[in-house]
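Note sheet for the following structure.
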Amino acid sequence: MPETWLIVATALLALALVLPRPVWRVTRNAVTVAHEGGHGLVALLTGRSLEGIRLHSDTSGLTVSRGRPTGLGMILTAAAGYTAPPLLGLGGAWLLAADRITLLLWAATALLLALLVMVRNAYGALVVVLTGAAFLLVSWLATAQTQAAFAYTAVWFLLLGGVRPAFELQSKRRHGGAPDSDADQLSRLTGVPVGLWFLFFHTVSLCSLIGGGRWLLAPWLAELG
């Protein structure tokens, strides 16, 4: 288990990667990777045929799957995008709390490799390759402390960065943008108002941040207690 100062420092670093708008324009690409990966994974798990994934330089993305246009599989696939980054962060926090840093790094590398197979554009492939290479190089070449710092920063980033996109989407919709967003698709599929789907996204991301944060900060909280 890393020292308390490293856990707190990586949380602050992740916050610095999420809050400033100029930085977020770049780092949001990693959240998009998790978002579209979530769509793709759930599409496969629900029996849909995954046609491909595209990641764009404006940090948007598109996952195309084939199957029934309605039903539970389509609903779960559409709901997986905005929930995937915070839930991945929560899973990562659970692994780190169990001191499974190496397992987390290798699992992330494997997921990114699987995602790369389904990416259908050059920019998307570049983003996934660079992200996967970072995890692979750290897991192979870095010291134990550097691995811990990298892993904690990545998990904090998913937890914190997973909160912001749904709020950004709400703002965009208020100004007439994103008429065919995940929330709109889910509303058409289920008859549930768009606002309730946003509440669902916010609940998942904030609960993941609180739960994952408690796991990550457990050593610090124990010291305070």
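The values are calculated or read from the model by the stated rules, or taken from the named source; none is laboratory data. Owing to the predicted nature of the structure, the values given are computational and were not obtained by experimental measurement. Glycine gets a Cβ as well: all are built from the backbone with ideal geometry, and neighbour counts include every protein chain shown. Side chains included, ligands, DNA and RNA excluded: accessible areas come from the protein's heavy atoms. Shrake-Rupley method; radii C 1.70, N 1.55, O 1.52, S 1.80 Å.
The table below lists the values:
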item: Filtered residues of the range 140-159 (kept if of a type outside the set (A, V, I, L, M, F, W, C) and over 20 Å from the mean Cα position of the chain (by Cα)); result: T143, Q145, T146
item: Residues (touching a strand residue (DSSP E or B) at 6+ places or on another chain (Cβ under 7 Å), open to solvent by 30 Å² or more (accessible area, probe 1.4 Å), over 16 Å from V119 (Cβ atoms) and in contact (Cβ under 8 Å) with a residue 24 or more places away in the chain) located in the range 41-88; result: G67
item: Elements of type helices (runs of 4 or more DSSP H) in the range 118-225, at least 3 residues being of a type in the set (D, E, K, R) and either surrounded by 14 or more Cβ atoms within 10 Å (Cβ to Cβ) or out of contact with any Phe, Trp or Tyr (no Cβ under 7 Å at 6 or more places or on another chain) (or both); result: 164-174, 182-190
item: Criterion violated by R100 - all others in (1) open to solvent by less than 50 Å² (accessible area, probe 1.4 Å); (2) modelled with pLDDT of 95 or more satisfied; result: (1)
